[in-house]
Amino acid sequence: MEKRVFKNGLVLLFIPRESELVVFHLLLGLGNIFEKEEERGISALMQETLLKGTKRRSGVEFSRAVERLGATVQSSSNYFTGKVVMEGPAEVAEDLLGLFLEVVKAPAFLPEEVEKEKRFLIDLLRSLDDDPLKAAMLRFKRAFFGRHPYAFPTLGEVRSLERITPEEVVAWYERTFVPNNMVLAVAGRFDREKIARVLERELGEIIPREFPFPPKDRFFPASLRIVDCKEVRDSWVVLGFRAPGLLEVKERVAFEVLNNALGGGMYSRLFLRIRESRGLSYQVGSIYVPLLGPSFLCAYCGFAPCYFDTVMSILREEFRNLLNLKEEEFNEAKTYTRGLFLHSFETVASLASLFAFYERVGLGWEFPFQYEAYLRELSLEEARAIYRKFVGQGESLGAIMPVA
């Protein structure tokens, strides 16, 4: 691997791999944490519209040009990053790069396309409540994050999306698609120097603009209970509390292991106790989401309403019981965590995504090679001590209950 930094701040990562594919993966700082209240959803709207035509081709013509090369292209954003990814046959790497640069440097953002994608996102937002588990999770995030940007869907809010104009989308593009906000990873089989010359010529002279990554904020969980009644047959709950953020490395690794012991698989505590032993639920588990800044660990479950008190009691009990985890179970969870991590090294697409992500968030592209060492060296005593600092801190609940 090799890292190059252009004088305008753009970071270029070369990840050579014996493969029939090549991937261009551009990662930027985007999403909820960068948006003001009146801008919520502008990152998602920009990324949805980005591939709907360039200044040279219409959206249909661009898609056809990509598919003629046997390639795929996608763009998206989440809470704090956004990406543009093109993947295709290695023998047409230079042609792929030409199309990739066309969409990154010269998207059209036609007003009619912006309006079309805006309606799509609004419809998608309104459908989130159709899935009771997603609906419960949305309420949990509001109960936990309060007015923090993470409380809101990455798609934005209906009221803010409705007022965003095509001109504002263009301005957002000009603000965010700047070299000092970019990490570009090239993975697979390619001519390193040829690709480097093209990128230096096309991106190396773009003038940087100030784009600071979000500062650390003082966050305290809202610690609320938000329960809504809907036309559903089962109750759905999400219960959780504060957990380490993405950059708290040792603490984060400990929580990833503990999460897998709690509800991360079919041998986990919640699965065995609630589903296999007592048959109270078909869908049960836990999720640890390490974000930039405030993060959470939560357990989720769908069950018949008459079991509400029983299920809530079990969830809270199993959260506490992680402090009594035995050595054998802890080591099994570590092995399972390592296995999940190793999957990220298996394709050129996942490699490009992995290294670009850690470089952009500030841990450095080398972090994936250090992760296993953190995992291997983590002891049960350290994991317990870390967990004890967080368990129950700011407990929040989001739930969907039957109308009756």
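The values are calculated or read from the model by the stated rules, or taken from the named source; none is laboratory data. This one's a predicted model, so the numbers in the text were calculated from it and none came from an experiment. Cβ sites come from the backbone with ideal geometry, for glycine too, and all protein chains shown count toward neighbours. Accessible surface is based on the protein model in full, side chains and every heavy atom, while ligands, DNA and RNA are left aside. Shrake-Rupley method; radii C 1.70, N 1.55, O 1.52, S 1.80 Å.
What to note about this one:
- Cα point-scatterer Debye curve for segment 103-228, base-10 log of I(q)/I(0) at q = 0.14, 0.18, 0.23 Å⁻¹: -0.92, -1.12, -1.28
- Projecting the Cα atoms of VAL60, SER396, THR81 onto the charge dipole of the chain (Cβ charges, centred on the Cα centre) puts SER396 farthest toward the positive pole.
- Packing-based order for 181-191, 84-94, using average beta carbon neighbours within 10 Å, highest first: 181-191, 84-94
- Probe 1.4 Å - accessible area at THR335, Å² to nearest ten: 100
- A 1.4 Å probe run over the protein chains yields, for segment 103-242, 51 Å² of accessible area per residue, whole-number rounding.
- The H on the amide N of THR81, modeled in the peptide plane, is under 5 Å from the matching H of LEU30, each at least 5 residues off or on a different chain.
- Once divided by 2.2 N^0.38 Å, the Cα radius of gyration of the chain becomes 1.05.
- A simple spin-label model places the labels of SER350 and LEU247 2.8 nm from each other, with each point 7 Å out along Cα-to-Cβ.
- Net charge dipole size for segment 142-233 [Lys, Arg +1 and Asp, Glu -1 on Cβ; Debye, nearest 20]: 520
- Dipole axis of segment 20-172 (+1 Lys, Arg; -1 Asp, Glu on Cβ), positive-most option in LEU97, ALA71, ILE164: ILE164
- Most tightly packed first, judged by the mean number of other beta-carbon atoms within 10 Å of their residues, the peptides 16-26, 222-232, 166-176 read 16-26, 166-176, 222-232.
- The Kirkwood hydrodynamic radius of segment 300-404, based on inverse pair distances between different Cα atoms, is 17.2 Å.
- Helix axis angle, 348-361 relative to the chain longest principal axis, alpha carbon, degrees: 80
- Ordering of 127-133, 389-395, 265-271 by packing [mean C-beta count within 10 Å, highest first]: 265-271, 389-395, 127-133
- Euclidean distance between Cα centres, segment 371-404 to segment 1-80, Å: 33
- Taken about its Cα centre, the chain carries a charge dipole of roughly 740 debye when the Cβ of each Lys and Arg holds +1 and the Cβ of each Asp and Glu holds -1.
- Converting phi to 3J(HN,Hα) with the Karplus coefficients 6.51, -1.76 and 1.60 and the offset θ = phi - 60°, segment 390-404 yields 10, 3, x, 6, x, 4, 10, 9, x, 8, 10, 10, x, 4, 5 Hz in sequence order, with x at every glycine or proline.
- Cross-link pairs exceeding 23 Å between alpha carbons, from the set LYS118/LYS216; LYS83/LYS389; LYS52/LYS118: LYS118/LYS216; LYS83/LYS389.
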